[in-house]
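*Asks:* For reference, the structure I am asking about is given below.
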Amino acid sequence: MNYDLFDDLPGHTQRLCLQEGAVLLRGFAISAIGNLLAELEKIIIAAPFRHMLTPGAHQMSVAMSNCGQVGWVSDRNGYRYAAIDPETGRAWPEMPAVFLELAQNAAAQAGFAKFLPDACLINCYVPGAKLSLHQDKDERDASAPIVSVSLGLPAVFLFGGQKRTDRPQRYRLVHGDVVVWGGAARFNFHGVAPLADGTHPLLGRRRINLTYRKTV
Ligand code: SIN
Ligand code: FE2
């Protein structure tokens, strides 16, 4: 677990450099959370969380939804971005302004100006849920970073290197933390260790993660 090497930024955010191109902005989302959760509630009514199947037909332990012009989906045919939610047959809910502004500000703070994500994957973890090490590589624009916002229960984020076999570093992410990775770290392997049990005052027995991408 790494707790050191933080730079203080204006506005009380601390920035930890994970690797070249990857930073953890501690508490960066805190001031936006009230508005984020109000919008999230509406998104989840329109596009409920669901457990997708991997191409190997395993049900994922993380439940997912999306907002934006396209959403990340997985089924027996593979992973892809789709404009229509396969569960509802409708377009994904629009990305709310408060979602977009947070991602753009975080990206800028991490050195990626003018980030314009068109997709936001919304992950819901309950205790025991995990995300295996993977690369985000279904996006066409490799110059855009990934921005990831953590809400609710704390999680251990695994951040590795370019090869699956590179041993990942472990970072504890809490409510309000934002991680941005791009540039030299854009295709680094990453994942989430099985969520420990607990109860969060706002989100209960859950962790919600927003992952923004520019897909085209
Ligand atoms: C992801 O890699 O899509 C999500 C990472 C996280 O939940 O922190
Ligand atoms: Fe990912």
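*Asks:* So Val180 passes all but one of these: (1) more than 11 Å from the chain's Cα centre (by Cα); (2) part of a strand (DSSP E or B); (3) more than 10 Å from ligand 1 (Cβ to nearest atom). Which condition number does it fail?
*Replies:* In the conditions (1) more than 11 Å from the chain's Cα centre (by Cα); (2) part of a strand (DSSP E or B); (3) more than 10 Å from ligand 1 (Cβ to nearest atom), Val180 misses (1) alone.
*Asks:* Pull up the stretch 47-91, narrow it to residues that are free of Cβ contacts under 8 Å to residues at least 12 places away in the same chain and part of a loop (DSSP other than H, G, I, E, B), then point me to the one that is surrounded by the most Cβ atoms within 10 Å (Cβ to Cβ).
*Replies:* His58
*Asks:* Further question: At least 1 residues that are within 17 Å of Gly111 (Cα to Cα) and modelled with pLDDT under 95 in each: list the strands (runs of 3 or more DSSP E) lying fully within the stretch 1-42 that qualify.
*Replies:* Once the strands (runs of 3 or more DSSP E) in the stretch 1-42 are filtered for at least 1 residues that are within 17 Å of Gly111 (Cα to Cα) and modelled with pLDDT under 95, what remains is 6-8, 14-19.
Matching residues to (1) among the aliphatic types (A, V, I, L, M); (2) surrounded by 14 or more Cβ atoms within 10 Å (Cβ to Cβ); (3) more than 23 Å from Leu203 (Cα to Cα):
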residue: Cys124; (1), (2), (3): no, yes, no
residue: Lys130; (1), (2), (3): no, yes, no
residue: Glu139; (1), (2), (3): no, yes, yes
residue: Ala142; (1), (2), (3): yes, no, yes
residue: Val147; (1), (2), (3): yes, yes, no
residue: Ala155; (1), (2), (3): yes, yes, no
residue: Gly160; (1), (2), (3): no, yes, yes
residue: Lys163; (1), (2), (3): no, no, yes
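*Asks:* Go through Glu94, Glu101 for me and flag whichever is modelled with pLDDT of 95 or more, farther than 25 Å from Arg170 by Cβ and part of a loop (DSSP other than H, G, I, E, B).
*Replies:* Result of the check over Glu94, Glu101: Glu94.
*Asks:* Then there's this: Looking at the stretch 139-158, can you tell me whether even one residue there is of a type in the set (Ser, Thr, Tyr) and within 12 Å of ligand 2 (Cβ to nearest atom)?
*Replies:* Checked against the condition, which is being of a type in the set (Ser, Thr, Tyr) and within 12 Å of ligand 2 (Cβ to nearest atom), the stretch 139-158 yields at least one hit.
*Asks:* Moving on to the next point. Within the set of pairs 6+ apart or on separate chains, which have a first residue in the stretch 134-153 that is closer than 12 Å to Pro117 by Cα, a second that is charged (D, E, K, R) and within 10 Å of ligand 2 (Cβ to nearest atom), and C-beta atoms under 8 Å apart?
*Replies:* If the second residue must be charged (D, E, K, R) and within 10 Å of ligand 2 (Cβ to nearest atom), the pairs left are Glu139/Arg213; Ala144/Arg213; Ile146/Asp136; Ile146/Arg213.
*Asks:* Search the stretch 196-216 for residues that are modelled with pLDDT of 95 or more and away from ligand 2 (no atom under 16 Å from the Cβ) and pair each with any residue that is among the aromatic types (Phe, Trp, Tyr) and not in a loop (DSSP other than H, G, I, E, B) when their beta-carbon atoms are under 8 Å apart and the residues are at least 6 apart or on different chains.
*Replies:* Note: pairs meeting the criteria are Arg206/Tyr125.
*Asks:* Being within 14 Å of the chain's Cα centre (by Cα) and closer than 26 Å to Thr165 by Cβ is the filter here; which residues of the stretch 102-131 pass it?
*Replies:* Leu121, Asn123, Tyr125, Lys130, Leu131 - these are the residues of the stretch 102-131 that are within 14 Å of the chain's Cα centre (by Cα) and closer than 26 Å to Thr165 by Cβ.
*Asks:* Go through the stretch 148-178 and give me each residue that's out of contact with any Leu (no Cβ under 8 Å at 6 or more places or on another chain) and closer than 23 Å to Ala29 by Cβ.
*Replies:* Correct list: Arg172, Val174.
The values are calculated or read from the model by the stated rules, or taken from the named source; none is laboratory data. All figures in this text were calculated on a predicted structure; none of them were measured in a lab. When we count neighbours, we look across all protein chains shown, and the Cβ atoms used for this are built from the backbone with ideal geometry, even at glycine.
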